Amino acid sequence: MEIIDIFRKVGPVIWPLLLFSVLALSVILERLWFWFRILNQEKETVNRILEAARNDWEIARDIARQATDQPIGRFLYAPLSQPISNPELFRLALESTAETELAQMRRGEKVLELVIAVSPLLGLFGTVWGLIGSLESIKIGDLGTEATAGVTTGIGEALYSTALGMGIAIVSLIFYRFFQALLVNQVKIFRKAGNDLEILYLQSPPDLSKSQSNLAQPEVIVRDSTGGKFLPPRKRTQNKFSEPPEISDSDKSDSEN
């Protein structure tokens, strides 16, 4: 059976069904690529950051900053990027970043929910529309004759729209549940990684403000004409004995005597 024949049998509802199928397919492909990139590098990124945090917090921060193209990297870099060492601020940065990243992981869910809910109804509407057209062609005098043979054929063709709508909804529902399971797993991974990083923080709080202040204020180097390198110039203080004290007139007379 050719595709054109199927389109003709489904009726006018084929166009919204095609639109929903394209939307669902685009979301499914985009989400599959998104989750593939996350699951392929996530475990290695977490292990590297936590291992570095046990030895040097600055190295852990640099590794997390390089992994900010991943949700778990942005999640672990958020508390490490804070210049103030504060347990409450550390936890708040983890929680707020986790909410933002998990919300991004839910992108496309509303589209799939719309396709799952509307596609079967559109298919059923197409079937009812086809049945109405088939039953209107029946005449009372034609009952029991060969003239009613086309009615059964019309009813069978009208069911194509229901089958197509249900098929689109079933495929969308399968991937929707699959993405939901991946999201639940990500919640567990985020919670465990955040707790491990916070435990390391409480055991040995880092002093990231000093390193960031050094980055903000670069060292000033003074060179002479020969290219020699000197230390940064110190601020010169005023010497109160740099000038000779002023002699009064009474002191002058005493000295002459």
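Taking the Cα centroid of region 86-121 and of region 25-80, what is the distance between the two, rounded to the nearest whole Å?
The distance from the Cα centre of region 86-121 to that of region 25-80 comes to 17 Å.
Can you tell me how much longer the chain between LEU121 and GLN66 gets when fully stretched, taken as 0.36 nm per residue apart minus their C-alpha distance, in nm with one decimal?
Details: separation 55, 0.36 × 55 = 19.80 nm, distance 4.77 nm.
Taking 0.36 nm per residue and subtracting the Cα distance, the gain is 15.0 nm.
Which parts of region 50-89 would a label at LEU202 reach, counting a residue when its backbone N lies under 15 Å from a point 7 Å out along Cα-to-Cβ?
86-89
What is the local net charge at ALA78, summed over the other residues whose Cβ is closer than 10 Å to its Cβ (Lys, Arg +1; Asp, Glu -1)?
-1
Could you please report the charge total around GLN104, scoring K, R as +1 and D, E as -1 over all other residues with beta-carbon less than 15 angstrom from its beta-carbon?
Working: positive: ARG31, ARG37, ARG74, ARG106, ARG107, LYS110; negative: GLU30, GLU42, ASP69, GLU99, GLU101, GLU109.
Charge balance near GLN104 sits at 0.
Compare the peptides 178-187, 49-58 by average per-residue count of other Cβ atoms within 10 angstrom and give them in order, highest first.
The peptides rank, most packed first, as 49-58, 178-187.
Any read-out appearing in this document is the output of simple, stated calculations on the displayed coordinates, not a laboratory observation. Note that this is a predicted model, so its numbers are computed, not measured. So basically every Cβ, Gly included, is an ideal-geometry build from the backbone, and we count neighbours across all protein chains shown.
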